[in-house]
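What follows is a set of notes on a single structure, which appears directly below.
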Amino acid sequence: MDPAKIKLLEDDLGHNFMDRKELFRALTHPTFAKEEKERKSNARDCPHQETYATLGDAILKAGLVMLLMELGVKTKGDITIIKSDWEKNLKLAEVGTRLKLLENSLIYHRMGEGDQLKTGEKALYSDTVEALIGAIFIDTGCSFAETKVCISKIFGPELTLMVNGEK
């Protein structure tokens with residue numbers, strides 16, 4: 001993987017990984033890990049992003065609630081509506097696109113190319129964004145405060161739109 005592209009990603013995430021294994025696990029889709037394990041020669045276990053995506057989903061929810069409260073969103077109903085819009089795979093896929101995860105070949109996957117990739121692209125992006133948040137949490141020694149700063153950076157454009165009254 002191109003070190004310059006990794007550096008750009010870390011800049012966009014607001015986090016430089018102390019343990020690169022955490023980053024690479026977050027960027028490894030289960031399709032890649034499965035194929036690596038099933039190779040006829042040089043097969044290897046390759047940890048993948050699924051558990052990190054589950055963790056990242058939970059951290060993202062809590063982080064977004066905190067950020068919205070800090071931005072002055074007062075009611076449970078308003079927080080729930082905004083948060084649910086942001087948690088949708090479509091919004092996460094937009095963030096993944098903005099981070100150029102596929103464009104810069106940062107995700108290890110075996111989802112095919114062309115139309116085949118287009119079919120699963122949104123899920124690939126959204127799962128990877130969640131996995132990156134989970135990996136940041138782990139890499140920071142499970143620091144919610146540090147991870148929340150990264151969530152703020154990752155979702156910066158969306159937060160700006162929200163503050164300006166747009167969704």
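Taking 0.36 nm per residue of separation and subtracting the Cα-Cα distance, what length does fully extending LEU71 through THR54 add? Intermediate results must be reported in sequence, preceding the final value.
Values: separation 17, 0.36 × 17 = 6.12 nm, distance 2.59 nm.
Computed gain between LEU71 and THR54 is 3.5 nm.
To the nearest 20 Debye, how big is the dipole of segment 3-163 about its Cα centre, given +1 on the beta carbon of each Lys and Arg and -1 on that of each Asp and Glu?
Working: 23 positive and 25 negative charges, 27 e Å.
Using Cβ point charges on Lys, Arg, Asp and Glu, segment 3-163 gives about 140 debye.
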**OP:** Using the number of other C-beta atoms within 10 angstrom as an exposure proxy, rank ARG98, ARG110, ARG25 with the fewest first.
**Re:** ARG110, ARG98, ARG25
Subject >> Folded to 0 to 90 degrees: helix 114-139 orientation relative to the chain principal axis, Cα >> reply: 70
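Restricting to DSSP H runs of at least four residues, report the calculated mean residue ellipticity at 222 nm for the chain, -39500 (n - 2.57) per run over all residues, nearest 500 deg cm²/dmol. Spell out each step's value before the answer.
Values: 9 runs with 114 residues, N = 167.
So the helix-based figure for the chain works out to -21500 deg cm²/dmol.
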Original post:
Once the Cα atoms of helix 76-87 and of the chain are each reduced to a long axis, what angle between those two axes, in degrees from 0 to 90 to the nearest 10, is obtained?
Top reply: 30
Original post:
Using modelled amide H (1.01 Å from N, peptide plane; none on Pro or chain starts), what sits under 5 Å from the amide H of THR28, excluding residues fewer than 5 places away?
Top reply: GLN49, TYR108
Original post:
Kirkwood-based Rg over Rh for segment 3-163 (C-alpha set), two decimals?
Top reply: 0.99
**OP:** Specify the angular offset, from 0 to 90 degrees and rounded to the nearest 10, of the alpha carbon long axis of helix 144-154 from the longest principal axis of the alpha carbons in the chain.
**Re:** 90
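Given LYS5/LYS61; LYS34/LYS88; LYS21/LYS148; LYS7/LYS100, which pairs have Cα atoms separated by over 24 Å? Numbers along the way, then the final one.
On the way: LYS5/LYS61 27 Å; LYS34/LYS88 26 Å; LYS21/LYS148 21 Å; LYS7/LYS100 13 Å.
Checking Cα-Cα distances, LYS5/LYS61; LYS34/LYS88 exceed 24 Å.
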**OP:** Taking DSSP loops as anything outside H, G, I, E and B, show the longest stretch in the chain free of GluC sites (Glu not before Pro) there with at most 11 other beta carbons within 10 Å.
**Re:** 39-102
Original post:
Under the definition of Cα pairs under 8 Å and six or more residues apart, what whole-number percent is the relative contact order of segment 3-163?
Top reply: 37
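Throughout, read-outs are computed from the coordinates displayed, never taken from laboratory work. Quick caveat, the model's predicted, so the values are computed rather than measured. Here the Cβ is made from the backbone with ideal geometry for all residues, glycine too, and neighbour counts use every protein chain on show.
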